[in-house]
1. Is any helix in the chain, taking whole DSSP H runs, at least 30 angstrom long along its axis by alpha carbon and on average at least -1.0 on the Kyte-Doolittle scale, and which ones?
2. Using only the Cα atoms of the range 387-543, build the gyration tensor, take square roots of its eigenvalues as a ≥ b ≥ c, and label the shape rounded, prolate or oblate: rounded if a/c is under 1.5, else prolate if a/b is larger than b/c, else oblate.
3. To the nearest 20 Debye, how big is the dipole of the chain about its Cα centre, given +1 on the beta carbon of each Lys and Arg and -1 on that of each Asp and Glu?
4. Please give me the summed charge of the neighbours of residue 54: other residues whose Cβ is under 11 Å from its Cβ, Lys and Arg +1, Asp and Glu -1.
5. Would you mind classifying the chain by shape? Square roots of the alpha carbon gyration tensor eigenvalues, ordered a ≥ b ≥ c; an a/c under 1.5 is rounded, otherwise it is prolate if a/b is larger than b/c and oblate if not.
6. Taking the Cα centre of the range 128-214 as origin, work out the dipole magnitude from +1 charges on Lys and Arg Cβ and -1 charges on Asp and Glu Cβ, in debye rounded to 20.
7. Grab the other residues whose beta carbon is less than 10 angstrom from that of residue 316, score K and R as +1, D and E as -1, and report the net.
8. Determine, for the chain, the count of lysine pairs separated by eight or more sequence positions (or lying on different chains) whose alpha-carbon distance falls under 30 Å.
Amino acid sequence: MKRIVCLMLLVCVLVGLGGCAGTQQAPEVTPEAERPIKERLLSGVEGLEKSDQLYFADGLTITGMGVNFSGDVTRRTDNYFWPAIRKLTGVELDIFWEDKEHYITSLSTMLLTSLDELPDILNASDFGVMDLADDGAVIPLDDYLDLIPNVVSAVGEDRMSYWRQVDGHIYTIPSVINVPGAQTMMVRRDWLDSLGLSVPQTWDEWVNLWRAIRDNDLNGNGDPTDEIPFASQYGADGERCFIPLLNAFGIRTSGDTQFCRLEDGTYTMVYEHPAYPAFLRAMQELYAEGLISASFDAMYAADMDAAMDENRLGTVFNWAERCRTSAQALRERGVQDALWEAVAPITGPDGAQMTPERLMVMPMWCISSAAEKRGKVEDILRFFNWYYSEEGSWLYSYGLPGISYEVVDGTPVMVSEMTANGFTDYRAAGCNISSLAGLLQESAFMQCLFEGRTVDGMDDMTEEFYKGISVVNSGFFYALPKTYETAAYTQYRNALITEGVCRLRNQAIKGEITVEAFFEGYGALKQQGLQRVIDEASEAAGR
């Protein structure tokens, strides 16, 4: 608890929520400010000075084609963001925004017409980066990385695999959400109290807690068999399974739980990890004792959420927000003291303790081969490097100083008018335009997520949500290894992974086959093509 309290105090300062005693509160909108914040921001652009980091005296127009996610980005004079960029940098972003459902068709038509007529930048996320590259429509950026050090820094060394494509090249200016927290382990605090137990700190303590949940009618309905000690989401395709327990055995798994990186950096399938046999035996024991859901291979997101809300689940790995929403649902059912407590990741038998960070780097903008012919590549990249600087990312994340935010202890703190309705008014004012994307700062995300409330002003359910996002997992995050969609992966995935090794894994967990039989079957699948999947993925990861 001392560690949690210290972390909460630290995070309060870092994210600028002002939730601890003695910290400054977010400034309130003054009574004199009668006009909506959106109008005040737009007017405030007139007072901006040219950036001393980047300014094109003769102007620079960057043409583009993008997906209109947010619905109002086409009205470029309707919010502060676009004219602020012009005022600060001299750059005009002349982007044609197509609706999501029509984007691929429109871009395909454009590709068939003439590559030389393409706009300077293209949204790659919906069409597919490698499809554009294979068509010769976009250029690799590997030789230009020295021009975008702010983008390189935002991506970070641990997340480079999500920036590089399967051929090893970098083609995109990515969208980066600088918020690692997303999912968390959580336990029923009221059930812990009933048992007289504390939050587990070791593997044995976790197992003992699960046994206690199994053996006591903690939901008080008279049925001692309907409590589920532990559950985590099973993937819809059957591949994702038991991420937090794999982590407890030191396996840094990909999101689909099929690939991992070993301690020496080797990229391979999880079944090659030296700890996988011990993991599989432990899962057999947990299943045999009834400590994990008997229907773990059908525990999809909705089923897991329902078990939480129906007072049947004791510990779970889920989205941090479920700390709040499920506790609310339970209290509405009459369980007045129900509380889901966000806790640190499970500690494994050998002391391993880790949890995956959210997917923070996503492909966004490619530079077209037409822009290269126009000689605009370096200027475009100089703009994006500014856009990922503190000046650019604060413009994107917070708005304008003195209008939508003030700097408190080095951190921008937005006025309540920006955050009182979560992300709604914040985005309507022009911040965090998803269609253009950029580097979203953690403080801005947190201020909107918790509607500008301080920690002291949160109820107990929301405070656990906050802890799950920003406190208890701090120091335990790892970057998710990427699943490379190589030729072999595409060819063999369904037969050898989804319907092959994943089915064997489930049979082994249920005790229908031995661990030895699992690895015999896995070896046979490798001979049928799974080894090619491993080899091509390893080669792609090493590029």
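The values are calculated or read from the model by the stated rules, or taken from the named source; none is laboratory data. The shown structure was predicted, so the numbers you read here are calculated from the model rather than taken from an experiment. All Cβ positions, even for glycine, are placed from backbone atoms using ideal geometry, and neighbour counts span all protein chains on display. Remember, those area values only see protein heavy atoms, side chains included, never the ligands or the DNA or RNA. Shrake-Rupley method; radii C 1.70, N 1.55, O 1.52, S 1.80 Å.
1. none
2. Here the range 387-543 falls in the prolate category.
3. For this selection, approximately 320 debye.
4. Summing Lys/Arg as +1 and Asp/Glu as -1 gives -1.
5. oblate
6. My answer is approximately 740 debye.
7. Around residue 316, the surrounding residues sum to +1.
8. Counting lysine pairs in the chain gives 17.
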